[in-house]
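The values are calculated or read from the model by the stated rules, or taken from the named source; none is laboratory data. What you see is a predicted model, and the numbers here were worked out from it, not measured in a lab. Every residue, glycine among them, receives a Cβ derived from its backbone with ideal geometry; neighbour counts consider all protein chains shown.
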Amino acid sequence: MKEKTVVLGVTGGIAAYKALDIVSKLKKKNINVHVIMTDSATKFVTPLSFQSLSQNYVVVDMFAEPKHWEIQHISLAERADLFVVAPASANIIGKIANGIADDMLSTTVMATKAPVLIAPAMNTNMYENPIVQRNIKLLKDLGYNFIEPDEGRLACGSVGKGKLADTDKIVDMIDMLLYSNKDFAGKKILVTAGPTREDIDPVRYITNRSSGKMGYAIAKAARNRGAEVILISGPTKLPRPEGVKFIGINSATEMYNEVLKHFDEVDIVIKSAAVADYRPLEKSEKKIKKSDDDMSIPLTKNKDILFELGKIKKNQLLIGFAAETDDLVCNAKNKVCKKNLDFIVANDVTMEKSGFDVDTNTVKIIDRDGTIIQLPNMAKEEVAHNILDHILNIKR
């Protein structure tokens, strides 16, 4: 696969230091990064810092002697697969919106035909200024991509909207815009992820060890490949993926209701959530006090969401997950038949670097006809793409 190139424009503002984290995270994904800094940005972070992380010469002065025999703003503009401005000041947003090209950054943005992602960061009053909002709307209408700033305490001491979006969110959006293979365009996919919580009383609940990482990886991979994605998730510590419809739930019953609500509108369901099989028969409205006696909690069965979907599915593809500790293949095959699945993704959670709360997984894909595809241990993002590839190969 051709190495992707991101040109990152950094403007003046206290958030400029966060752009270093963006460069670092992109390099870890083997993305080539070229940085252009405005003169004011160099007052907050030195070019050497970006040069060390990006391993590329950092451009600041439009009239500096070039390091290579090429017109730099044209060269970088043509080299970019994606152009990112983060942080983006009100000044650079205004320049781009009004066609002003008076420094290296604004000139290169004008010259690029690559998609552009802008991450604003500024004082709340500046961000809410009608002129700035007009400029943002104009650029959005022209096809420029924006990631909304976060709310919180700003460097100036005020509290409001204007903080640079979390760098994980920015990198996630970059992933989406860089992915060129849109083979799921026109498809609508519902993904479930994470654990469920079954309340015992106001302070206690029954849950499991699921982190949601596998489901979130699937949702991001499907989004990157052009699908419209609905992510129904139990409580996790993961940031919500950009560009998907997110529905947060707590209990198995809530997940069941949300899945059923959206089932008829989707083409594919991938059920990777770890849903509790049982819940307390009754939830105490007050905290249950400790006593000297043993305590038992009567449980009642939750609805099996996959089983219920298997009974009513029409043309949808239905994919399940089986997290097992023993008899992996036998248990997984039984679930395929019992729940009317198109295939199941099975993994032994006792294996090292597999299962809950790790970034890798070792899975078997098991089809309706019993065919087993063993995948090696790999990043959950890679597992997600293998699952999507298998969906495309299904003969129906």
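List of remarks:
- Sole residue being over 30 Å from GLU381 (Cβ atoms), in contact (Cβ under 8 Å) with a residue 40 or more places away in the chain and in contact with a helix residue (DSSP H, G or I) (Cβ under 9 Å, 6 or more places away or on another chain), chosen from LYS287, LYS303: LYS303
- Of all residue pairs spaced 6 or more apart or on separate chains, those with beta-carbon atoms under 7 Å, a first member in segment 12-24 that is assigned by TED's automatic domain parsing to the domain that holds PHE50 and a second member that is in a helix (DSSP H, G or I) and among the aromatic types (Phe, Trp, Tyr) are LEU20/PHE50; VAL23/PHE50.
- Number of the exception - ASP369 against (1) surrounded by 14 or more Cβ atoms within 10 Å (Cβ to Cβ); (2) at pLDDT below 95: (1)
- Answer from LEU190, LEU142 - the residue that is at pLDDT 95 or above and farther than 29 Å from VAL269 by Cβ: LEU142
- Among the residues of segment 26-45, those identified as crowded, with 17+ Cβ neighbours inside 10 Å, of a type outside the set (Ser, Thr, Tyr) and farther than 13 Å from ALA121 by Cβ are LEU26, ILE31, ASN32, VAL33, HIS34, VAL35, ILE36, MET37, VAL45.
- Residue in segment 276-288 that is of a type in the set (S, T, N, Q) and within 21 Å of ALA221 (Cβ to Cβ) present: no
- The sole residue among SER40, SER52, SER75 that is small (Gly, Ala, Ser) and within 29 Å of the chain's Cα centre (by Cα) is SER52.
- Listed by position, the helices (runs of 4 or more DSSP H) enclosed by segment 294-396 that each have at least 1 residues that are more than 29 Å from ASP199 (Cβ to Cβ) and in the same structural domain as PRO235 (by TED's automatic domain parsing) are 328-338, 380-393.
- Qualifying residues in segment 305-364 (those that are of a type in the set (Asp, Glu) and modelled with pLDDT of 95 or more) - the one surrounded by the fewest Cβ atoms within 10 Å (Cβ to Cβ): GLU308
- Close Cβ contacts (under 6 Å, 6 or more residues apart or on different chains) running from residues in segment 208-223 that are closer than 14 Å to HIS385 by Cβ and modelled with pLDDT of 95 or more to residues that are surrounded by fewer than 24 Cβ atoms within 10 Å (Cβ to Cβ) and of a type in the set (Lys, Arg) comprise MET214/LYS380; ALA217/LYS380.
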